[in-house]
1. Give A:Ser183, A:Ser214 a once-over and let me know the one that is over 27 Å from A:Arg263 (Cβ atoms), away from RNA strand B (no atom under 11 Å from the Cβ) and in a helix (DSSP H, G or I).
2. May I ask you to list the residues in segment A:339-371 that are among the hydrophobic types (A, V, I, L, M, F, W, C) and either closer than 23 Å to A:Gly408 by Cβ or more than 16 Å from RNA strand B (Cβ to nearest atom) (or both)?
3. Among the numbered criteria (1) under 19 Å from A:Gly127 (Cβ atoms); (2) modelled with pLDDT of 95 or more, which single criterion is violated by A:Gly94?
4. Among all residue pairs at least 6 apart or on different chains, which show Cβ distances below 8 Å where the first residue, located in segment A:90-108, is assigned by TED's automatic domain parsing to the domain that holds A:Met65 and within 13 Å of A:Pro296 (Cα to Cα) and the second is in a loop (DSSP other than H, G, I, E, B) and polar (S, T, N, Q)?
5. Search segment A:87-125 for residues being crowded, with 18+ Cβ neighbours inside 10 Å and β-branched (Val, Ile, Thr), and hand back the single one that is farthest from A:Asp137 (Cα to Cα).
6. Name the single residue that is nearest to A:Asp373 (Cα to Cα) among those in segment A:314-331 being modelled with pLDDT under 90 and among the hydrophobic types (A, V, I, L, M, F, W, C).
7. If you go through segment A:199-240, how many residues are surrounded by 18 or more Cβ atoms within 10 Å (Cβ to Cβ), free of Cβ contacts under 8 Å to residues at least 40 places away in the same chain and under 32 Å from the mean Cα position of the chain (by Cα)?
8. Name every residue in segment A:380-392 that is within 47 Å of the chain's Cα centre (by Cα) and near RNA strand B (Cβ under 9 Å from one of its atoms), in order of residue number.
Amino acid sequence: MSIQSIRGMNDILPTQTPVWQSVENTLRSVLESYGYQEIRMPLLEATELFSRSIGEVTDIVEKEMFTFIDRNGDSLTLRPEGTASCVRAGIEHGLLYNQIQRLWYGGPMFRHEKPQQGRYRQFHQMGAETYGLAGPDIDVEMIAMTARLWRQLGLTDLQLQINSLGSTAARAAYRDQLVNYFSSHYNELDEDSQRRLQTNPLRILDSKNPNMQSLIDNAPLLLDHLDDESQTHFATLKTWLDELGIPYQVNPRLVRGLDYYNRTVFEWVTQQLGAQGTVCAGGRYDSLVEQIGGRPTPAMGFAIGLERLVLLLLHHQLQIPDKTPHAYLIMAGPGTLQQGLRLAESLRDALPHLRLLTHCGGGNFKSQFKRADKSGALVALVLGEEEMAQHQVTLKYLRQEHPQLRVGLAEVVDYLKPLLQLSNE
RNA sequence: GUGGGCGUAGCUCAGGUGGCUAGAGCUCCGGAUUGUGGUUCCGGUUGUCGUGGGUUCGAGUCCCACCGUCCACCCCA
């Protein structure tokens, strides 16, 4: 067996890259249309950054990070998510103090999980983070922005779920109540939930075990224990979502896995990706900046799982941009190669958007035409000895009923121009 | 980390209960057609049968272990 890629780390092959490029371009243009600026962070950070921000006892930190000791003896970790790095960079470069920032980033993230549909060890996210804004207005903006993303991409079957976790203090108080409640029913908890009681009690509410449902239904509700300010914040958010005509579902069981969230949390989910239905998720994290060593700064953000988005788009067989070549240059006979390469370069000068493949590797006309056809090109440009003697090129249309014709070298451009408009960019 | 399905040619897959040099379609290459692809016809190339061990006169087939992959649990984007 020859060397293979690392488990859960996939190559994205040429047949797939057009979808990825299309998704990335769409996301970028929407983010820019809301005035968000790109920030790029390293893939590698001090391990402590993640253990302090994501939470010591979360699964991510406890067993899913790619962590190693470098040559200096420092513990480094491949980023399992983007928010912590973004906050670190913001603090480090003075981007956050007394300022308002709207940022976005993209790139690979790493988690040592067992791969399955929509979940990989190296996966890609695009995310946005905002700083210095505490009100529900920015929450609405970010949710509306994600709604626009799906519209741009042509996705119609994503559902928005929202919830409020309340203030950090209210959340902690609720957590205590929940622990008390479930502890008094300890024997009715399944094995997973008994463990969650120690690690993340809010997660018990999310259990998929049907035997747990009645117990969960009777548990105290997070929304009943919100502090007044969070309640108002959440109510306003809902009103404004209504006004923008963005449908949502309040899901009182929605808790995000990472410790730093408070108040607004949201998820966009689909039924079409099997078990990994969350395509986009985020929320407020008003205390994280301070926790990592900055001045108290309200913050809100979300991340999108690109693999899941791409899977969804493939599911829907949405139109993706065509990258097949417009023309394929066939050259045969003494001296035609030099002449042909010159012609190809001049055509690329004249038509910057032209996708022109020049034949390499020799061969007779027949084999060259075969390659031309296989490339998907719309026309074959033929430069043989006869053409060369008359300073001409033969144009043969490979995809449409159209007789082939001979044109002068200088006129080729005029015949190629219409082809550029014909193919969808 | 736990559980289940699956590993045969570049791709998609056949190969009852063990039995000769392991097959098909597609792809690829060449020819029919020495300056014309895509259709048709003819011919050709392609394999440590995931890896290692075991049972057997004999293993692609049975047993064990490992690896990979897919799906689910857990968790999460």
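1. Going through A:Ser183, A:Ser214 in turn, the sole match is A:Ser214.
2. Residues satisfying the conditions are A:Leu341, A:Leu343, A:Ala344, A:Leu347, A:Ala350, A:Leu351, A:Leu354, A:Leu356, A:Leu357, A:Phe365, A:Phe369.
3. Of (1) under 19 Å from A:Gly127 (Cβ atoms); (2) modelled with pLDDT of 95 or more, only one is false for A:Gly94: (1).
4. A:Leu96/A:Thr297; A:Tyr97/A:Thr297
5. A:Ile91
6. Once the filter is applied, the top-ranked residue is A:Ile320.
7. Residues that pass the stated criteria total 3.
8. Listed by number, the residues that qualify are A:Ala380, A:Val382, A:Leu383.
The values are calculated or read from the model by the stated rules, or taken from the named source; none is laboratory data. Fair warning: this is a prediction, and the values are worked out from it, not measured in the lab. Virtual Cβ from ideal backbone geometry, glycine too; neighbours counted across all protein chains shown.
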